[in-house]
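Written below as structure tokens is the structure these notes are about.
Bear in mind that the values in this text are calculations on the coordinates, not laboratory data. Note that the coordinates shown come from a computational prediction; the quantities given were computed from them, not determined experimentally. Here the Cβ positions follow ideal geometry from the backbone for every residue, glycine too, while neighbour counts run over all protein chains shown.
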Amino acid sequence: MGTNGFVASHILFGLVERNYHIVATVQAEGAYDEAFRDGGFDYIIHNASPLNFTMGSLLRTARLITCAHKSGGPSLKRFVLLGSAVAVLNEFEDISIAEKLYTEVDWNPVTAEHGIEKKEHYHKIQPSKKLDEQAGRRYMEEHNLNFDLAVINLDIIIGPMFQNVPGPHSANETNEIAIYNFMNGKYTSIDGLKYPFYHFVDVRDVALAHILVRTISAAGTKRIILVSGLISPQIIINTTRKHFPELKDRIIEGHPEQLLPPGVDPTGWDSSRSLEIFGPDWK
């Protein structure tokens, strides 16, 4: 569900490579009803979770699970949700002091009221992602269903874009904020430059995880944190200038030895469950 996006295009390609029969939708009114018209699904992968803050977006996953319950057919085994690390992390943490590693049992204490009050987009998506996942889980708990739910919670997704776009100016939001703004001239100084979050995952790993998790019994009902490592403006600068020297004239040098902005020491992630479920060499 939601197959015209950055992550979904990679998932779709991976499923096609594996010769699955696929019914794909885009985010449009009535798309769910049309997709379930003929029923008979084995798995549903939903990666069109909310990026805005409206009541409709907060219930999107629960609405799709409701459709799956009514029309998914008796062969439906698992509903896979692309969740988010922002449903896990603490919006109110002191970013200058690393705390105990986040795990799948953690929930962001952020509230809907907080999201309404804040103007910045990254503040609003946190209650959106949290409440959307919780609404889906609540429906699962309140109904006797023949399928289970697996949620993959991931941080900033970066990597190659698989879908066709008009040009570099059409880069998806996370690639643009984390990487492309260095190349298009928007980021002209490292001083004062910060990211809203400081961990990333490769989109190709995200897609593979969604494909694999469908059939791994141990993943049923679980949240799975998927985080690869640190990301920061300086890390992106250093990596780009090292591996793409032809871009040095377009990208600021910053302070190569200072990987994180002053006053930033982000809390890390315990990703051991992902290794337990997918195996140590799954990527």
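Points worth noting:
- Debye, to nearest 20: dipole size of the chain, +1 on Lys, Arg Cβ, -1 on Asp, Glu Cβ: 520
- By DSSP, the beta bridges lying fully in region 148-280 are antiparallel in about 20 percent of cases.
- For the chain: relative contact order, % (alpha-carbon pairs under 8 angstrom, 6 or more apart): 22
- Per residue, the chain reaches -9500 deg cm²/dmol at 222 nm when only DSSP H runs of four or more residues are counted, each adding -39500 (n - 2.57).
- Fewest neighbouring Cβ atoms within 10 Å first, the residues Lys70, Lys194 line up as Lys70, Lys194.
- Cα shape, the chain, gyration tensor, a/c 1.5 rule: prolate
- Simple spin-label estimate for Gln134 and Asn184 gives 3.4 nm between the two label positions (7 Å along the Cα-to-Cβ direction from each Cα).
- Cα gyration tensor, region 135-283 - rounded (a/c under 1.5), prolate or oblate: prolate
- Partner aspartates and glutamates for Lys70 [C-alpha distance under 15 Å; skip if fewer than 8 residues away on the same chain]: Asp33, Glu34, Asp38, Asp42, Glu142, Asp148
- Remark: region 231-274 carries a charge dipole of roughly 160 debye about the Cα centre, counting +1 on each Lys and Arg Cβ and -1 on each Asp and Glu Cβ.
- Acute angle (nearest 10 degrees) that the helix 6-17 long axis makes with the longest principal axis of the chain, alpha-carbon atoms: 60
- Entries in Lys124/Lys283; Lys100/Lys129; Lys124/Lys248 that, when Cα-Cα distance is taken, lie over 24 Å: Lys124/Lys283; Lys124/Lys248
- Computed about its Cα centre, the charge dipole of region 198-283 is approximately 340 debye, with only Lys, Arg, Asp and Glu carrying charge at their Cβ.
- In terms of overall dimensions, region 215-283 has a Cα radius of gyration and Dmax of 17.3, 50 angstrom.
- Calculated FRET efficiency for the pair Lys283/Glu253, C-beta based, R₀ 25 Å, to 0.05: 0.20
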